[in-house]
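J.: Sharing a structure with you now.
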Amino acid sequence: MRSGPETKLRTGQLKMSDKLLIATNNKGKVKEIQDLLKDTGIDFVTPADIGLALDVEEDGETYAENATRKAVAFAKASGLLSLADDSGLEVDALDGAPGLHSARYSPKPGAKDADRRALLLQNLKGSPRPWTAHFHATIAIAKPSGEVELAEGNCYGEIIPEERGTGGFGYDPVFFMEDLGKTMAELDMEQKNRLSHRARAVMNALPILRKLFA
Ligand code: ITT
């Protein structure tokens, strides 16, 4: 259930309430997490809904550290229970790269998802196929007090040399799942949200959320 405009709050006036803040600046993640939570009965808001702009430095050494940093920073700034996602694509032939650095893989200033996909394919050129890979997501749920709980999910597939599909975001057009015969970008939101790393992590986070919102 999303909150309407009447619940828009200014950062300075926020109070702890029974709302969950989806603590990410990535629009693709926001849409997926909103869809994953829509039938839970949890009342959630986005940073845009509450006028909160926060850019958290992601210099942790693990997904859990980065997810925790983001969730705690948003929870402290908003006074709301906050759910952050730190995720990445791990390619076996590249020793797990881009991994933790998936969002910042291209050194090009102002690089976009397409630049990162192009660099990935360039770096894989010459490696024998299949280019097995998996997506990973760690979800951190933080209280404004700084208390944190974590949940994880993975999704396995392979990287293909040509882009297919226009859905999703990030590396989805080159992430192919053989059992479906489709890339992640060829799935609609409902299909991606049945099997993605993020869907699995959110599903694993549901007992934590149910306990917090009980
Ligand atoms: P926030 O930190 O604000 O949540 P971000 O995009 O910077 O946004 P991450 O640091 O967790 O998030 O980086 C995750 C990157 O991994 C993301 O930008 C994509 O490049 C890639 N990625 C993660 N999940 C993905 C998915 O479902 N499909 C395609 N690429 C994904």
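J.: For region 13-36, indicate whether the set of residues that are basic (Lys, Arg) and either at pLDDT below 95 or more than 27 Å from Ala97 (Cβ to Cβ) (or both) is non-empty.
T.: yes
J.: Still on this structure, I have one more. Hand me the list of strands (runs of 3 or more DSSP E) wholly inside region 95-214 holding 3 or more residues that are within 28 Å of Asp55 (Cβ to Cβ) and out of contact with any Pro (no Cβ under 9 Å at 6 or more places or on another chain).
T.: Qualifying strands (runs of 3 or more DSSP E): 131-142, 148-159.
J.: Here's a follow-up. Which of the residues belonging to region 110-122 are surrounded by fewer than 16 Cβ atoms within 10 Å (Cβ to Cβ) and within 23 Å of Glu61 (Cα to Cα)?
T.: Ala111
J.: What pairs can you find where one residue is in region 106-124 and closer than 19 Å to Ala93 by Cα, the other is aliphatic (A, V, I, L, M) and part of a loop (DSSP other than H, G, I, E, B), and their Cβ atoms are less than 8 Å apart, with a gap of 6+ or different chains?
T.: Asn123/Ala97
J.: Oh, and also: In this structure, does Thr138 turn out to be of a type in the set (S, T, N, Q), within 27 Å of Ser78 (Cβ to Cβ), surrounded by 14 or more Cβ atoms within 10 Å (Cβ to Cβ) and within 13 Å of the ligand (Cβ to nearest atom)?
T.: For Thr138, the condition - of a type in the set (S, T, N, Q), within 27 Å of Ser78 (Cβ to Cβ), surrounded by 14 or more Cβ atoms within 10 Å (Cβ to Cβ) and within 13 Å of the ligand (Cβ to nearest atom) - is met.
J.: If I ask for residues that are within 17 Å of Ile159 (Cβ to Cβ) and more than 8 Å from the ligand (Cβ to nearest atom), which ones from region 94-116 would you list?
T.: Leu94, Asp95, Gly96, Ala97, Gly99, His101, Ser106, Ala114, Asp115
The values are calculated or read from the model by the stated rules, or taken from the named source; none is laboratory data. No experiment lies behind these values; they were computed from the predicted model shown. Methodologically, a virtual Cβ is constructed for each residue, glycine included, from the backbone with ideal geometry; neighbour enumeration extends over all protein chains shown.
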